[in-house]
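Novice: Mind having a look at this structure? Questions to follow.
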Amino acid sequence: MATPNTPLWEVFIRSRNGLAHKHVGSLHATDATLALQAARDVYTRRGEGWSIWVVPSSAITASDPAEKGMMFEPAETKIYRHPTFYEVPDEVGHM
Amino acid sequence: MAAPSIHVVETPLVLYALRRADDALILGHRLSEWCGHAPMLEEDMALANMSLDLIGQARAFYSYAAQTEAKGNDEDKFAYLRDVRQYRNLLLVEQPNGDFAHTVVRQFFYAAFADPYWRAMMKSSDATLAAIAAKSEKESAYHLRHSSEWVIRLGDGTVESHGRAQAAIDDLWSFTGEMFEADESERVLVESGVVIDPAALRPQWLRTISGIVGEATLAMPDTKWMQKGGRSGRHSEHLGHLLSELQSMQRTFPGVSW
């Protein structure tokens, strides 16, 4: 239920053995404290994590899906940017 | 044919375990009534989570009561086959959900007691009670935090939410005294160091309540008169209706499972 009193928040959770917080979803809450509690209640019921971040959705600047071509397609033809393109000399051993 | 009620031999330890189990089951059932009806999805989940915490606590205490009584009763029989006069829960926890403010304040009053109570009970000389207390304390600590935050926001929110929060505090206040009472049966356990005297927690409870109520810009009631009777089976009219719903399947189809 979206009302002016309950803005949208994005939820990030770090799993028990994970290094980074990962986006898991969103929720509505009146403020940061209740957003954190709601994130705990909605997204960690099955032991999903040890740490939660909540961020106001309005604080996120997102790329425009309509600009996908300009933004991302130029990278698709540059396969030499992948390290697998290069041959590793045997003397280097395991990298 | 309806299943008849069981007979329970209420030694002090059995009675103690049943009282705590009944508190948790009835409050957990009340919260479960919100499932699908809460003001917002996030709170629907939060209330259901607290409900499941409490029903888990109830199961632990019923199992211990069954083991201690050793008369062939089990957690299901205690929950489903005792009549309203055999229930030993606080009057507070059986009060109807009312509006969201009433549910929040009821949870707040109970959790502000339960949290320090279970923390103190972790030192019980009874290893099972100490273990149940250790698990319950973490759950109650969150229930207290969650309900406190809501009391503050409702009280310090709009004119409407402030009025509803104050009405809930005033309506439920007279049911809070019972939490701090220990009768003859419980006193036996207090004196042998198995359980703590709940009266000792009253000053701390009052500090917690008045702190949050003040922060919420709400007023403490000045009523001194307190209701009691739940611990000895004299309940408000609301519990019978709750039990008729809770028990209908097992009473109508004894031993049914799925």
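Nothing in this text is a laboratory measurement; each read-out follows from the coordinates by a stated rule. A quick note: this is a predicted structure, and the numbers were derived from the prediction, not measured. With ideal geometry, Cβ positions are generated from the backbone for all residues, glycine too; neighbour counts draw on all protein chains shown.
Novice: With the requirement that a residue be of a type in the set (Val, Ile, Thr) and in contact (Cβ under 8 Å) with a residue 12 or more places away in the chain, what does region A:12-53 give you?
Specialist: Result: A:13, A:24, A:30, A:42, A:44, A:52.
Novice: Oh, and also: Can you go through B:21, B:17, B:58 and tell me which one is without any contact (Cβ under 8 Å) to a residue 40 or more places away in the chain, touching a helix residue (DSSP H, G or I) at 6+ places or on another chain (Cβ under 9 Å) and either within 14 Å of chain A (Cβ to nearest Cβ) or crowded, with 19+ Cβ neighbours inside 10 Å (or both)?
Specialist: B:58
Novice: Which residue out of A:66, A:62, A:39 is assigned to a helix (DSSP H, G or I) and loosely packed, with under 10 Cβ neighbours inside 10 Å?
Specialist: A:66
Residue-wise test of (1) β-branched (Val, Ile, Thr); (2) within 19 Å of the chain's Cα centre (by Cα); (3) over 24 Å from residue B:144 (Cα atoms); (4) exposed (fewer than 15 other Cβ atoms within 10 Å of the Cβ).
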{"site": "B:193", "(1), (2), (3), (4)": "no, no, yes, yes"}
{"site": "B:196", "(1), (2), (3), (4)": "yes, yes, no, no"}
{"site": "B:203", "(1), (2), (3), (4)": "no, no, no, yes"}
{"site": "B:209", "(1), (2), (3), (4)": "yes, yes, no, no"}
{"site": "B:214", "(1), (2), (3), (4)": "no, no, no, yes"}
{"site": "B:218", "(1), (2), (3), (4)": "no, no, no, no"}
{"site": "B:222", "(1), (2), (3), (4)": "no, no, no, yes"}
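Novice: Restricting attention to region B:81-111, which residues are surrounded by 19 or more Cβ atoms within 10 Å (Cβ to Cβ), assigned to a helix (DSSP H, G or I) and more than 16 Å from the chain's Cα centre (by Cα)?
Specialist: Across region B:81-111, the qualifying residues are B:100, B:101.
Novice: Answer yes if at least one residue in region B:34-49 is surrounded by fewer than 15 Cβ atoms within 10 Å (Cβ to Cβ), within 14 Å of another protein chain (Cβ to nearest Cβ) and in a helix (DSSP H, G or I), and no otherwise.
Specialist: yes
Novice: Find the residue count for region B:201-247, including only residues that are part of a helix (DSSP H, G or I) and either of a type in the set (Asp, Glu) or touching a residue at least 60 places away in the same chain (Cβ under 8 Å) (or both).
Specialist: Qualifying residue count, region B:201-247: 20.
Novice: Could you identify the single residue in B:87, B:80, B:110 that is within 26 Å of residue B:138 (Cβ to Cβ) and touching a residue at least 40 places away in the same chain (Cβ under 8 Å)?
Specialist: Exactly one residue qualifies, and that residue is B:110.
Novice: In region A:9-35, what residues are surrounded by 14 or more Cβ atoms within 10 Å (Cβ to Cβ), more than 10 Å from chain B (Cβ to nearest Cβ) and either under 21 Å from residue B:157 (Cβ atoms) or among the aliphatic types (A, V, I, L, M) (or both)?
Specialist: A:11, A:13, A:24
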